Amino acid sequence: MKTLVNIIITVVLLVISKLDAQDFQGIATYKSHRKVDLKMDESKISTDQQKSIQEQLRKQFQKEYTLEFNKYESIYKQNQKLDVPQPSNSGINIKVVQGDDIMYKNIKEQRYTSKTEIYGKRFLIKDTLINRKWELINETKNIGAYTCYKAIFKDEITTKTINNEGQFVKVTKPRTTTVWYTPQIPVSNGPLNYFGLPGLILEVNDGKLTLVCTKIVINPEKSVEITEPKKGKLVTQKEFNSIQEAKREERLEQFRSTNRGGKDGKRVMISVSG
């Protein structure tokens, strides 16, 4: 007897086969929310200042993204908007630095190209898509007009930070990513580097970042044009990760040196990727 998940996959494959002769396209809009953990010295930063920092970060991490897709390709990018500076009663202003990153995925060819910029230098990352071992869960919920099914993926992430003694330390933690996908849109795609499920992924939550689809247009009047990024220093994902890690260590060292010198800055700048 077939399980519900197997039935879903079978139906999706049948629908996709019927769509092969058609020009199937779509545009999905996602909004993001990010949980930020801050370690602040309460002897130097008042409670009101801490609340102000948290609120500023919360607002600046609320972004909107667009995924343009067809049966096998997609482009994912942030929707640009003019940020209006907001005065802060605490005297501390937070500026989150985010570039105009673009991610191109080709599901059929199992590859991706990502255009990104760190500290003023543009990179073009070309590499192979990594197939996650999704665990399909027999749970459903509605997102807008679409019935969605749950899937999870478990892995570990390693981050580097400064401990109380001012030393660099690596911290490895388990992570569970939960997504919701809809077989009603039979493309094996999603935001960022997420893909590989029998339907478009409409929601992602990895414990820190949440992405939720707020609007979908299927076969829009204006044809979707998916163009792979071409400008930037060509690197693999491994090479880029090494460059990014070196830059982060450099910034952490600068931060540590500033703290040693007892300097009190009024502006906090946070670099975010992904």
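Some points to look at:
- Loop-located GluC sites (Glu not before Pro) in the stretch 164-223 (DSSP state not H, G, I, E or B) with no more than 16 neighbouring Cβ atoms inside 10 Å: E165, E221.
- Contour excess over end-to-end distance, with Cα ends at E64 and I152 and 0.36 nm allotted per residue: 29.3 nm
- R34-K170 FRET efficiency (beta carbon distance; Förster radius 22 Å; 0.05 resolution): 0.50
- On the basis of the beta-carbon distance and an R0 of 25 Å, E228 and E139 show a calculated FRET efficiency of 0.10.
- Global geometry of the stretch 139-237, whether rounded, prolate or oblate, following the gyration tensor of its Cα atoms and the 1.5 cut on a/c: oblate
- Accessible area per residue was computed with a 1.4 Å probe on protein heavy atoms; L197 scores about 10 Å².
- Cross-link pairs beyond the 32 Å C-alpha cut-off, checked among K141/K230; K105/K154; K141/K231; K126/K222; K63/K154; K154/K222: K141/K230; K141/K231; K154/K222
- Net lengthening on full extension, N106/E239 (0.36 nm per residue, minus Cα-Cα): 45.8 nm
The values are calculated or read from the model by the stated rules, or taken from the named source; none is laboratory data. Keep in mind it's a predicted model, so treat the numbers as computed, not measured. Positions of Cβ are backbone-derived with ideal geometry, glycine not excepted, and every protein chain shown enters the neighbour counts. Each accessible area value is taken on the protein alone, full model and side chains, heavy atoms only, with ligands, DNA and RNA left out. Shrake-Rupley method; radii C 1.70, N 1.55, O 1.52, S 1.80 Å.
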